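Everything below concerns the one structure shown next.
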Amino acid sequence: MFRQDVESEDALLYAEGVHVIPIYTTTKSGKPSLKSVLSTPALVLSRWASPGFTTRYYFLLRQRSEDDVLFSDLKDAFSEFGESVDLDTGYLRNSVIDAVLGLWTDLHWVTT
């Protein structure tokens, strides 16, 4: 699960069924630093908004990996395509998706 605090109802809302890569930030501004850790790719299973829509909760199905991937690694992967990372953009090009997924060498689903 991850939480998104927003200032307006118009802020980006992740739909159920999309894939996201949560970023663990430690900065006061909430923006990632180069050393921010990326979570493994995850599928948004469901979402819930608090009254007033100031906080949103997303319930995720994540893959597992032993690899540690940083925001700087993501920026490097995007620079190979001459692009910069835009955290509010959904990327659909296969080459970009493959490069991002390639940051983890051992992605796998865990079922028990």
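The values are calculated or read from the model by the stated rules, or taken from the named source; none is laboratory data. All of these numbers come straight from a predicted model, not from anything done at the bench. Here the Cβ is made from the backbone with ideal geometry for all residues, glycine too, and neighbour counts use every protein chain on show.
Scan segment 85-105 residue by residue and report those that are farther than 23 Å from L13 by Cβ and either part of a loop (DSSP other than H, G, I, E, B) or touching a strand residue (DSSP E or B) at 6+ places or on another chain (Cβ under 7 Å) (or both).
Correct list: G102, L103, W104, T105.
Write out, first by first residue and then by second, each pair whose Cβ atoms fall under 8 Å of each other, whose residues are 6+ apart or on separate chains, and whose first residue, in segment 78-100, is β-branched (V, I, T) and at pLDDT 90 or above while the second is in a loop (DSSP other than H, G, I, E, B) and surrounded by 10 or more Cβ atoms within 10 Å (Cβ to Cβ).
Cβ pairs passing all conditions: V100/I21; V100/P41; V100/Y91.
Among the residues of segment 50-93 satisfying the criterion of being small (G, A, S) and surrounded by 15 or more Cβ atoms within 10 Å (Cβ to Cβ), which is farthest from E16 (Cα to Cα)?
Filtering first and then ranking leaves A77.
Between residues in segment 24-47 that are closer than 27 Å to H108 by Cβ and residues that are of a type in the set (F, W, Y) and assigned to a loop (DSSP other than H, G, I, E, B), which pairs lie under 9 Å by C-beta distance while being six or more apart or on different chains?
L38/W104; T40/W104; P41/W104; V44/Y14; R47/Y14
Would it be correct to say that E66 is in a loop (DSSP other than H, G, I, E, B), of a type in the set (D, E) and modelled with pLDDT under 90?
Answer is no for this residue.
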